[in-house]
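Take a look at the structure below.
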Amino acid sequence: MYNNDSLNVNSKGHLTIGGCDAVDLAMQYGTPLYVLDEKKIEQACNAYLDSFKKYYNSKGLPMYASKALCCKELCRIMKRLGMGLDVVSGGELYTALSVGFPAEKIHFHGNNKTPDEIEYALKSGVGKIVIDNLSEIDIIENMCEELGINANVSLRITPGIDAHTHDFIKTGQIDSKFGFIIENGDAFDVVQKVLEYSHLRLKEFHCHIGSQIFDIEPFVHAAEVMMDFIKEIKNRFGVTVEELNLGGGFGIRYLATDNPTDFENYMKAVSDAVHAKAAEYGLPVPFIFIEPGRSIVGEAGVTLYTVGGIKNIPGIRKYVSVDGGMSDNIRYALYGADYTVLIANKADLPADDIVTVAGKCCESGDLIQEHTHIQSAQVGDILAVLSTGAYNYSMASNYNRIPRPAIVMVNDGEARVIVKRESYDDIIANDV
Ligand SMILES: *Cc1c(COP(=O)(O)O)cnc(C)c1O
């Protein structure tokens, strides 16, 4: 196991999550099962909220990037804690609004928002629409004209930073489907265009350099590039943009060997850079937004499975198959993501076997982890995969018509269902 204050091993040798015995949870709610520790989520949010008091004199707001895990209860928690919210689709927006999340604290993202989504966002009164391509500018302007409103907009800028992370999850470099590039002048052209429109209020510049980033340096560099950009826009257009969104992407622990930067160090280093640039250029310190997703829910989540077939191929490998797979966790199949795996009912025993954990989907690539250290597995054991709070449920599918698992929220020994397990009737609900 790795160091995570929501996990423990009890006197039965069972894994516990948020004070609940993982084996009991599996018996009571069935498997596969997503388990989330509410305390861990609250701690992460409060740490971000507090750091804005400390490093920005409260002139800033963390926005939970809801794509990491979006459901009504998560939106309620974010609302209660005073977080902002990032959404990237009409469905995420609908989920947030369905629990009365304040629209003005929602930012609407996406590199290809549909006209329907833009209309929905504008009519709902979202705080900002983050413009990510030229064609949506006209759509927003025309809809505002029709609705007789103005829209607060942000521009997604590509700062040209190559963060050291997997190719599929880095977004700040020039060759990206996201954002307007500074180097080739696109970013300046789009500012000029937005300023010419009468219904668009240019409030913010935004950047997001990637995900699962461990180094502080790319974040600091991005903040500096963005402050330079604010200065350059002021010089060219006489307009001072007073809000700066520095995105998300803070890495979390998947393996015992992962060593993510303490986010306090990140907050301090970036705040120092922003303040230094503001002083150097005689600019106001912008109101700062950040958009953590993974680092809020990732380590709060564990997935529980029941071990089914075990297939040993001597000299090659041993497959341990579980009752879920890429339908509830596609991240290994998608980008070879690392995970820590253990047998929840043998959590006190040494992880002295090396196995490949396979799912039940009809794909050879349906693997949860390869060549991973684990306690000796037997049919009926409860297998736990750690750090599955982010980009697991939110990326889940019904491949092979497998119902999505339930999500159980645990808090100090208490458990409650926050998303029900799908039934076979749910699977055919939209079939005609
Ligand atoms: C994905 C994304 C985030 C969240 O990234 P994490 O790595 O989960 O923190 C924030 N902002 C934008 C624009 C994103 O696309």
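The set of residues in the stretch 390-420 that are crowded, with 17+ Cβ neighbours inside 10 Å and charged (D, E, K, R) contains only 404.
Okay, residues lined up against (1) at pLDDT 95 or above; (2) touching a Ser or Thr at 6+ places or on another chain (Cβ under 9 Å); (3) not assigned by TED's automatic domain parsing to the domain that holds residue 155; (4) not polar (S, T, N, Q):
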{"residue": "222", "(1), (2), (3), (4)": "yes, no, no, yes"}
{"residue": "225", "(1), (2), (3), (4)": "yes, no, no, yes"}
{"residue": "260", "(1), (2), (3), (4)": "no, yes, no, yes"}
{"residue": "271", "(1), (2), (3), (4)": "yes, yes, no, no"}
{"residue": "278", "(1), (2), (3), (4)": "yes, no, no, yes"}
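Considering each residue of the stretch 386-394 in turn, at least one proves to be in a strand (DSSP E or B) and closer than 20 Å to residue 254 by Cβ.
The conditions of being assigned to a loop (DSSP other than H, G, I, E, B) and in contact (Cβ under 8 Å) with a residue 24 or more places away in the chain are not met by residue 130. If I ask for residues that are within 21 Å of residue 207 (Cβ to Cβ) and of a type in the set (D, E, K, R), which ones from the stretch 250-308 would you list? Scanning the stretch 250-308 gives 268, 272, 277, 280, 291, 294.
Here is a yes/no grid of residues against (1) surrounded by 17 or more Cβ atoms within 10 Å (Cβ to Cβ); (2) among the aromatic types (Phe, Trp, Tyr):
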residue	(1), (2)
52	yes, yes
56	yes, yes
65	yes, no
68	yes, no
74	yes, no
83	yes, no
89	yes, no
98	no, no
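Looking at the stretch 133-148 only, could you name the residues that are assigned to a loop (DSSP other than H, G, I, E, B) and either at pLDDT 95 or above or not assigned by TED's automatic domain parsing to the domain that holds residue 186 (or both)? Hit for the stretch 133-148 is 148, nothing else. The residue list 218, 284 contains one member that is loosely packed, with under 15 Cβ neighbours inside 10 Å and farther than 30 Å from residue 373 by Cα, which is 284. Summed over the stretch 200-246, residues that are of a type outside the set (D, E, K, R), part of a helix (DSSP H, G or I) and either within 30 Å of residue 338 (Cβ to Cβ) or touching a residue at least 24 places away in the same chain (Cβ under 8 Å) (or both) total 13. Condition check: farther than 29 Å from residue 410 by Cα, away from the ligand (no atom under 15 Å from the Cβ) and of a type outside the set (Gly, Ala, Ser). Does residue 112 satisfy that? For residue 112, the condition - farther than 29 Å from residue 410 by Cα, away from the ligand (no atom under 15 Å from the Cβ) and of a type outside the set (Gly, Ala, Ser) - is not met.
The values are calculated or read from the model by the stated rules, or taken from the named source; none is laboratory data. All values derive from a computational prediction rather than experimental measurement. Positions of Cβ are generated from backbone atoms using ideal geometry, with glycine treated the same way; all protein chains shown enter the neighbour counts.
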